[in-house]
Amino acid sequence: MDAEDDTLDLRGILDVLRRRIWIILLVTVVAIGISGVALLALKPVYTATALVLVDPSKKNLLDPDQIGGTSSEALRVDSEVELVKSETTLLAVARQLDLPNDPEFGLGLGMHDMLLAFFRIAEPAMPTGDEALSRIIGGLRDAVSVQRRGLTFLIAVNARSGRPDFAATIANAVARTYIAQQLQAKIDSTLASAAIIKDRMADASQTVAQSERAFDQFVDQNIDRISEATGRIDLAQMRNEITSLNAFRTQSSSVAELAERSLARQDWDAVAASLKDEAVSNLQRQRIALLDTIAGVTAGSQAEIDLRSSLAGLENQLDAAATKALSGLKVDVARSQGRVSELRNQLRQSILTSDLPTEMLTSIYELQQSAEIARAQYQTLLTRQKDLDTQAYLQVADSRIVSEATAPASPSFPNPRIILLLAAFAGLGIGIGLAFLIENFVGGFTSEAQAESILRTPVASAIPRQRLPRRSDGEGSVADSLILAPLSVFSESIRRVRIGIDQAIGKRRRMEGDAQDGRGAVIVVSSAAPNEGKTTVALALTRAYALAGMSTLLIDCDLRKPGVHKHLGIEASEGLLEYLAGEAGASELRSFLTVDSGSGAQIVVGSRRSDIATDQLIAGKTFAGLIAAARKTFDIVVLDTPPVGAVVDALYLAGMADAIAVVVKFSSTPQQEVKAAMAALDKAKRDGVPVLTVLNQQTSNPAAYRGKYAGYYAEA
């Protein structure tokens with residue numbers, strides 16, 4: 001059973017697609033057309049890619065053995081990805097490529113600003129300063145994307161632009177700028193470390209000097225005790241010699257400093273007085289004598305010129321002699337400094353190797369160790385500073401470009417093939433969705449289950465679409481199939497309508513306790529809209545009852561547009577209209593009754609349009625009397641009514657019915673229209689009167705019948 005239901009559901013879906021194929025195709029074609037127009041309007045975008053290799057290992061050109069990796073290499077590569085697309089990198093690229101003046105990335109009025117200006121709503125203003133820079137950086141950020149290639153150390157720098165060559169330029173510029181900033185960051189970090197050490201070296205140097213002074217002060221203050229304790233007179237002699245050398249060095253340094261300043265000013269008197277060098281003094285006396293001679297000659301004469309030339313030469317000699325004497329003095333100062341250092345070391349070693357008291361030896365050792373530690377720390381800082389100064393200019397970038405971006409040959413967007421394919425799929429999906437929407441909500445009913453679910457009424461049967469049979473006179477009606485092809489699917493569907501109505505009426509009468517009252521049943525056959533096939537169903541239903549041996553009467557109650565006579569192929573009669581209008585008596589009722597030759601049913605046909613309001617005729621006592629008489633005479637009275645949505649006649653007739661059959665054209669009549677008709681009939685009918693739905697002209701059921709139940713049916 002489940003498998004069969006699935007087959008029916010699949011067939012139902014295929015039937016929906018077949019019925020709405022033109023809507024699906026139209027939506028698909030429109031979607032493809034819109035995407036095609038959009039493709040023509042879209043500007044092509046080119047994407048260029050530069051590949052950067054990140055080497056996270058440590059690099060030290062001064063010590064290659066230190067090169068190695070770390071356990072956080074993957075995190076390092078992910079961090080580099082963020083640095084590539086950082087605002088600092090993009091800002092440098094924007095300045096390097098002069099993007100503010102670029103037609104694509106530069107500042108310009110957007111569509112919003114142009115619309116405001118066009119409608120004179122506001123005067124657009126170009127952004128300036130930080131806002132302008134932020135907008136340019138934002139545009140560049142949208143055009144650049146950076147991704148890591150899987151779990152490798154490769155970073156792909158993608159740049160998009162409307163110009164293929166400029167896309168490659170941007171990608172390469174971003175990669176190069178990132179590498180340059182990475183290298184500069186390493187240099188800056190190294191120089192910053194060197195600067196920190198340099199600042200610390202001043203304190204270390206001062207500490208060394210303080211340690212040396214502390215040791216010397218201790219020796220100076222305790223030299224007598226040390227000499228007395230050790231019995232060594234040479235210690236005091238070395239101390240005295242150091243004192244003399246320090247005094248000489250201090251005095252000589254002062255003289256050298258004074259002479260150097262005087263020499264810079266060419267104050268030869270001061271130079272000679274400070275240096276006290278014989279050669280310098282002789283040359284200075286000659287210079288003074290020459291100046292006196294120049295003062296006695298005529299200004300501007302040849303003699304003065306010659307004398308001044310001699311003076312210049314003499315001053316050059318004086319400068320050379322003073323420089324030589326000053327250099328000798330500085331050499332003496334340096335020698336004395338060296339001698340002082342030598343004597344201090346000798347004094348320290350002599351003291352440390354002497355047999356001193358424990359207390360004094362401990363103090364001397366502490367001072368000595370403090371001085372050595374200070375010197376060692378200073379030497380370490382000095383060495384590290386020199387290394388960092390050298391490393392700052394030997395840094396190597398951790399990343400390098402392994403594949404520069406080249407101008408792409410074809411645009412990356414839009415991709416016509418993919419866009420058209422997606423548009424086709426989207427159009428197909430929307431078309432199918434629209435088809436099912438029309439079928440299930442906007443359009444008509446396509447299955448018995450759907451009709452029962454939405455209308456909340458039982459479906460008596462689904463009548464298949466039937467070919468029009470031809471009678472011998474050339475005319476015909478689909479209702480003739482009940483006579484010409486009694487074993488057809490159509491005939492069986494009509495019989496299903498009949499049994500559905502009989503069961504509904506029988507159930508109602510059993511509930512009301514009047515099943516044996518002898519009255520005939522009045523069946524109203526109506527529809528929500530015209531051209532639903534209600535007249536065909538009414539005639540076929542009448543014949544079904546008549547062929548079953550029941551006395552049956554069919555009345556064409558559509559007084560505005562009667563149609564039963566056309567299906568019968570007979571002339572119309574005005575008897576019913578005249579009778580209801582009071583123009584004919586009760587004795588003439590038999591005159592407008594027609595007997596159906598195929599089934600023996602009695603039929604009251606209509607004629608022309610009524611000139612008066614038909615609801616007055618239907619709602620009058622005359623028609624009520626006619627129905628009451630028909631109930632007593634016939635087992636079944638079928639009333640073919642006008643559409644509920646067109647006129648109110650059907651609502652009056654519904655109040656007389658024992659059962660109401662609403663004919664709904666398969667997949668055609670709008671659902672809301674049918675629901676409105678059902679609601680109107682529900683208000684008009686008597687309580688408990690059953691309302692059944694008849695799906696007419698179904699297109700899917702015949703195939704199922706011919707497939708599984710073909711042996712049970714025979715078409716004409």
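The values are calculated or read from the model by the stated rules, or taken from the named source; none is laboratory data. Owing to the predicted nature of the structure, the values given are computational and were not obtained by experimental measurement. With ideal geometry, Cβ positions are generated from the backbone for all residues, glycine too; neighbour counts draw on all protein chains shown.
What the table shows:
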| read-out | value |
| --- | --- |
| Any hit, region 121-134, residues being within 27 Å of the chain's Cα centre (by Cα) and modelled with pLDDT of 85 or more | yes |
| Search result, residues across region 454-504 that are of a type in the set (A, V, I, L, M), within 13 Å of THR536 (Cβ to Cβ) and modelled with pLDDT of 85 or more | ILE463, VAL478, ALA479, LEU482, ILE494, VAL497 |
| Per-region count, region 665-698, residues within 23 Å of ARG19 (Cα to Cα), touching a helix residue (DSSP H, G or I) at 6+ places or on another chain (Cβ under 7 Å), at pLDDT 90 or above and not hydrophobic (A, V, I, L, M, F, W, C) | 3 |
| Tabulated pairs, region 353-374, first assigned by TED's automatic domain parsing to the domain that holds LEU235, second in a helix (DSSP H, G or I) and charged (D, E, K, R), C-beta under 8 angstrom, 6+ apart or interchain | MET360/ARG225; GLN368/ARG348; ALA371/GLU212 |
| From the options LEU553, LEU547, LEU541, residue that is buried (at least 24 other Cβ atoms within 10 Å of the Cβ) and within 22 Å of SER488 (Cα to Cα) | LEU541 |
| Subset tally (residues that are of a type in the set (S, T, N, Q) and under 30 Å from ALA194 (Cβ atoms)) for region 332-380 | 7 |
| Pick from region 368-403, criterion among the small types (Gly, Ala, Ser) and in a helix (DSSP H, G or I), ranking: modelled with the highest pLDDT | ALA376 |
| Those residues of region 375-396 which are within 30 Å of ALA180 (Cβ to Cβ) and either loosely packed, with under 12 Cβ neighbours inside 10 Å or without any contact (Cβ under 8 Å) to a residue 60 or more places away in the chain (or both), in sequence order | LYS386, TYR393, VAL396 |
| Test for ASP216: is it under 60 Å from the mean Cα position of the chain (by Cα) and modelled with pLDDT of 75 or more | no |
| Residue in region 185-194 that is in the same structural domain as ARG308 (by TED's automatic domain parsing) and either under 30 Å from THR362 (Cα atoms) or polar (S, T, N, Q) (or both) present | no |
| Test: residue in region 405-417 that is farther than 29 Å from ALA180 by Cβ and part of a helix (DSSP H, G or I) | yes |
| Tally, over region 1-19, of residues that are modelled with pLDDT of 60 or more and out of contact with any Phe, Trp or Tyr (no Cβ under 8 Å at 6 or more places or on another chain) | 10 |
| Filtered residues of region 165-213 (kept if touching a Phe, Trp or Tyr at 6+ places or on another chain (Cβ under 9 Å), within 22 Å of ILE137 (Cα to Cα) and either modelled with pLDDT under 85 or aromatic (Phe, Trp, Tyr) (or both)) | PHE166 |
| Verdict on THR622 being over 22 Å from GLU512 (Cβ atoms), hydroxyl-bearing (Ser, Thr, Tyr) and either buried (at least 21 other Cβ atoms within 10 Å of the Cβ) or not assigned by TED's automatic domain parsing to the domain that holds PRO530 (or both) | no |
| Segments classed as helices (runs of 4 or more DSSP H), wholly inside region 604-690, with at least 2 members that are within 24 Å of VAL497 (Cβ to Cβ) | 621-633, 649-654, 671-684 |
| Condition met for ALA168 (among the small types (Gly, Ala, Ser), touching a strand residue (DSSP E or B) at 6+ places or on another chain (Cβ under 6 Å) and either touching a residue at least 24 places away in the same chain (Cβ under 8 Å) or over 15 Å from LEU83 (Cα atoms) (or both)) | yes |
| Given (1) surrounded by 15 or more Cβ atoms within 10 Å (Cβ to Cβ); (2) at pLDDT 75 or above, index of the condition GLY569 fails | (1) |
| Single unsatisfied condition, ILE136 versus (1) within 17 Å of ASP55 (Cα to Cα); (2) of a type in the set (Val, Ile, Thr); (3) part of a helix (DSSP H, G or I) | (1) |
| For ARG232: the one exception among (1) part of a loop (DSSP other than H, G, I, E, B); (2) within 30 Å of THR49 (Cβ to Cβ) | (2) |
| Qualifying residue in region 274-286 (condition: of a type in the set (Gly, Ala, Ser) and farther than 22 Å from THR250 by Cα) | yes |
